[in-house]
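Asker: Pasting a structure below so you can have a look.
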Amino acid sequence: MMRRKLVVGNWKMHGSTAGNRVLLEKIVNGVRDYRNADYVVCVPYPYLYQAQSLLQGSNVMWGAQNLCATKDGALTGAVSPAMLVDFGCTHVLVGHSERRLQFHETDDTAAARFHAAQEAGLIPILCMGESREERDSDWTEFIVGRQLDSVMRRYGVEVLRRAVLAYEPLWAVGSDNPATPDQAEEVHQFIRNRIARCDPEIARQVRILYGGSLTAANAAAMFAMPNVDGGLVGRASIKAEEFIGICRAAN
Ligand code: PGA
């Protein structure tokens, strides 16, 4: 089965209305003819309206970096799934390691947000990955397996039909030390096999992205691995030429 590749930019806490306009216009023009893969940018909440205005009608989708699991209510500072839909989002990141580490999010709350996103019609991108210490102790499969199970155990394997998975080893995120294509492939295969135990068909079709220090220079080798279905891109997603280069590699 040919899985269509997907490249997702994660701007993190970067951007300004003036800078975003230049970046988004370059991206739209740069990927216009790349029709064989899918592209998403996940922007900070305040810029969702701008992303919607500049991207609608293009082949670039947009999404958010987080969401609240609750529909509405007295939750100061929170953003609901329906609000993201209201601004045309198609995707939303869930359980990014920076959220887990710096904002104390857990497997439980990530699973709840995953579910809330789907209920609202969004495609959640579940981020998973081990720390350097965990890898060195040979715990990679235990950690990634636990993060995947947090969703599968609660909501069933079926929910992976309308979801994206992302393997982001913490030691590769925001470093200059990407996983090697073989290291990524090994974990992606582990993830796919674990899903296949529950449902082989869903395992074959679910897209598993790699994230962590992807660049235009290393993306093609990564995307050539049979179980790497695209990338989740941080720093290189806010540089037009880099991001377009990664999209070209996916295409
Ligand atoms: P990076 O970040 O590409 O800057 O390493 C990836 C991510 O956090 O999604």
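The values are calculated or read from the model by the stated rules, or taken from the named source; none is laboratory data. In this text the structure is predicted, and so the values were computed from the model without any measurement. Quick reminder, even Gly has a Cβ in these numbers, built from the backbone with ideal geometry, and neighbours come from all protein chains shown. Just the protein is used for accessible areas: all its heavy atoms, side chains included, with ligands, DNA and RNA removed. Shrake-Rupley method; radii C 1.70, N 1.55, O 1.52, S 1.80 Å.
Asker: In whole angstrom, note down how far apart the Cα centers of the stretch 41-61 and the stretch 165-243 are.
Answerer: Using only Cα atoms to place each centre, the spacing works out to 23 Å.
Asker: At 1.4 Å probe size, with every protein chain present, just tell me what the per residue accessible area of the stretch 5-250 comes to in Å². Write out the running numbers ahead of the final one.
Answerer: Values: 10840 Å² over 246 residues.
About 44 Å² of surface per residue is accessible.
Asker: Just from the alpha-carbon atoms, what are the Rg and Dmax of the chain in angstroms?
Answerer: 16.8, 48
Asker: Return the carbon/sulfur percentage of the accessible area of the stretch 174-251, one whole number, probe 1.4 Å, all protein chains in place. Spell out each step's value before the answer.
Answerer: Working: 1580 of 3150 Å².
Carbon with sulfur: 50 percent of the solvent-accessible area.
Asker: On to the next question. I'd like to compare 125-135, 208-218: which one has the highest average count of other Cβ atoms within 10 Å, and what's the full order after that?
Answerer: Numbers: 125-135: 20.8, 208-218: 22.9.
The most tightly packed comes first, giving 208-218, 125-135.
Asker: Can I ask one more? For the chain, what is the calculated [θ] at 222 nm in deg cm²/dmol (nearest 500), taking -39500 (n - 2.57) for each run of four or more DSSP H residues and dividing by its residue count?
Answerer: Calculated at 222 nm, the ellipticity per residue is -12500 deg cm²/dmol.
Asker: Okay, moving on. Using 0.36 nm times the number of residues separating Val28 and Gln52, minus their current alpha carbon distance, what extension gain do you get?
Answerer: Details: separation 24, 0.36 × 24 = 8.64 nm, distance 1.23 nm.
That works out to 7.4 nm of additional length.
Asker: Give the dimensionless ratio obtained when the Cα radius of gyration of the stretch 27-92 is divided by 2.2 N^0.38 Å.
Answerer: Numbers: Rg = 13.2 Å, N = 66, 2.2 N^0.38 = 10.8 Å.
So the Cα radius of gyration is 1.22 times the expected 2.2 N^0.38 Å.
Asker: Another one. Along the Cα→Cβ direction, 7 angstrom out, place labels at Arg197 and Arg153. What is the inter-label distance in nm?
Answerer: Roughly 1.2 nm, to one decimal.
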